[in-house]
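**Q** Sending over a structure as structure tokens; questions will come in a sec.
The values are calculated or read from the model by the stated rules, or taken from the named source; none is laboratory data. In this text, all values refer to a predicted model and were calculated from it rather than measured experimentally. Note that each Cβ is placed from the backbone with ideal geometry, even for glycine, and that neighbours are counted across all protein chains shown.
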Amino acid sequence: MKQTNVYLLDDHKIVRDGLKSILSMHSEYQVVGEESRPDVFLSTLSDLDIDILILDVSLPNISGIDLIKKIKDINSNLQIVMLSMHENPEYMFRSLKEGANAYLPKDIEAGEFIEALDQVRQRGSYFPSNMNFNNKDTLTPPPEGLKYSILLTSRELEILGYMAKGLSSKQIAQQINVSPRTVETHRVNIMKKLGTNNGAETVALAWKLKLIQDDKI
């Protein structure tokens, strides 16, 4: 397996230095950049060769969670690992919905941190089983289609709605101000997650699972 390029976006240098120290002991990972300012990172993202982004939940002027959609609009294939001081179920659920691949506490052990990156790299996701999420009610979306509504990001659900209207990838791209290629990538990811083979089958299943609502069409 080729070396995985990792980028660190955290406003605390001590955290970035600690992560670099851990990653330097694992040859399969290479830190190719770091930044403390979200706006600077976004402005350079399209020119960066990154496989995994380590993203702080709490950043200056913007939440890391709110940043996920902006990042995915630029590079929809980038895998995002959230680091947080907050063991809050709402933060974890929102991160999932926006497209994060993992949500880790900042006090995670070095070994589990590397295990998490391995799982993200190989399987696409990782969420620690021992995080203290006691209030499960805050994590409850509509019962039907629960599994799929969690799997799909908010952007993917938005694109599903436009697909149900019969819009092409080019038309959807114009509606949400991204490139048609980005929309195509989202459509492929949606079909992979739902296990469908084409747009019509995807929309039909989305209606069945109540992932699309009448008032959104």
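**Q** Could you please find all residues in the range 127-177 being aliphatic (A, V, I, L, M), within 17 Å of K97 (Cα to Cα) and at pLDDT 65 or above? Step through it out loud before you land on a result.
**A** The first filter runs over the range 127-177 and keeps only residues aliphatic (A, V, I, L, M), leaving 131, 139, 146, 150-152, 157, 159-160, 163-164, 167, 172-173, 176.
Then keep just the ones that are within 17 Å of K97 (Cα to Cα); that gives 139, 146, 150-152, 157, 159-160.
Answer for the range 127-177, where residues must be aliphatic (A, V, I, L, M), within 17 Å of K97 (Cα to Cα) and at pLDDT 65 or above: L151, L152, L157, I159, L160.
**Q** Just to check your reading of the model, which residue among V40, V57, V81 is over 11 Å from the mean Cα position of the chain (by Cα) and modelled with pLDDT of 95 or more?
**A** Values: V57 fails: modelled with pLDDT of 95 or more; V81 fails: over 11 Å from the mean Cα position of the chain (by Cα).
Among V40, V57, V81, only V40 is over 11 Å from the mean Cα position of the chain (by Cα) and modelled with pLDDT of 95 or more.
**Q** Show me the helices (runs of 4 or more DSSP H) entirely contained within the range 167-217 in which 3 or more residues are charged (D, E, K, R). Talk me through it step by step, then tell me what you get.
**A** Details: elements: 169-176, 180-194, 199-208.
Where helices (runs of 4 or more DSSP H) fall fully within the range 167-217 and carry at least 3 residues being charged (D, E, K, R), they are 180-194.
**Q** Quick check on my filter: what residues within the range 42-101 are out of contact with any strand residue (DSSP E or B) (no Cβ under 9 Å at 6 or more places or on another chain) and of a type in the set (V, I, T)?
**A** I62, I74, listed by residue number.
Rundown of residues vs (1) under 30 Å from Q174 (Cα atoms); (2) touching a Ser or Thr at 6+ places or on another chain (Cβ under 9 Å), yes/no style:
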residue: L9; (1), (2): yes, yes
residue: I22; (1), (2): no, no
residue: V40; (1), (2): yes, no
residue: L45; (1), (2): yes, no
residue: S63; (1), (2): yes, no
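**Q** In this structure, is S95 within 19 Å of the chain's Cα centre (by Cα), modelled with pLDDT of 85 or more and surrounded by 13 or more Cβ atoms within 10 Å (Cβ to Cβ)? Quick ask: steps written out before the conclusion?
**A** Numbers: within 19 Å of the chain's Cα centre (by Cα): yes; modelled with pLDDT of 85 or more: yes; surrounded by 13 or more Cβ atoms within 10 Å (Cβ to Cβ): yes.
For S95, the condition - within 19 Å of the chain's Cα centre (by Cα), modelled with pLDDT of 85 or more and surrounded by 13 or more Cβ atoms within 10 Å (Cβ to Cβ) - is met.
Yes or no, residue by residue, for (1) touching a residue at least 12 places away in the same chain (Cβ under 8 Å); (2) among the aliphatic types (A, V, I, L, M); (3) buried (at least 16 other Cβ atoms within 10 Å of the Cβ); (4) closer than 21 Å to L45 by Cβ:
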residue: K70; (1), (2), (3), (4): yes, no, no, yes
residue: V81; (1), (2), (3), (4): yes, yes, yes, yes
residue: H86; (1), (2), (3), (4): yes, no, no, no
residue: E90; (1), (2), (3), (4): yes, no, no, no
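**Q** Name, by its number, the condition in (1) of a type in the set (A, V, I, L, M, F, W, C); (2) surrounded by 21 or more Cβ atoms within 10 Å (Cβ to Cβ); (3) free of Cβ contacts under 8 Å to residues at least 24 places away in the same chain that does not hold for M25.
**A** (2)
**Q** Just name the residue that is nearest to G99 (Cα to Cα) out of those in the range 179-188 that are buried (at least 20 other Cβ atoms within 10 Å of the Cβ) and in contact (Cβ under 8 Å) with a residue 60 or more places away in the chain.
**A** Of the residues in the range 179-188, the ones buried (at least 20 other Cβ atoms within 10 Å of the Cβ) are 182-183, 186.
Now narrow it down to the ones that are in contact (Cβ under 8 Å) with a residue 60 or more places away in the chain: 182, 186.
Details: T182: 14, H186: 11 Å.
Applying the filter and picking the extreme gives H186.
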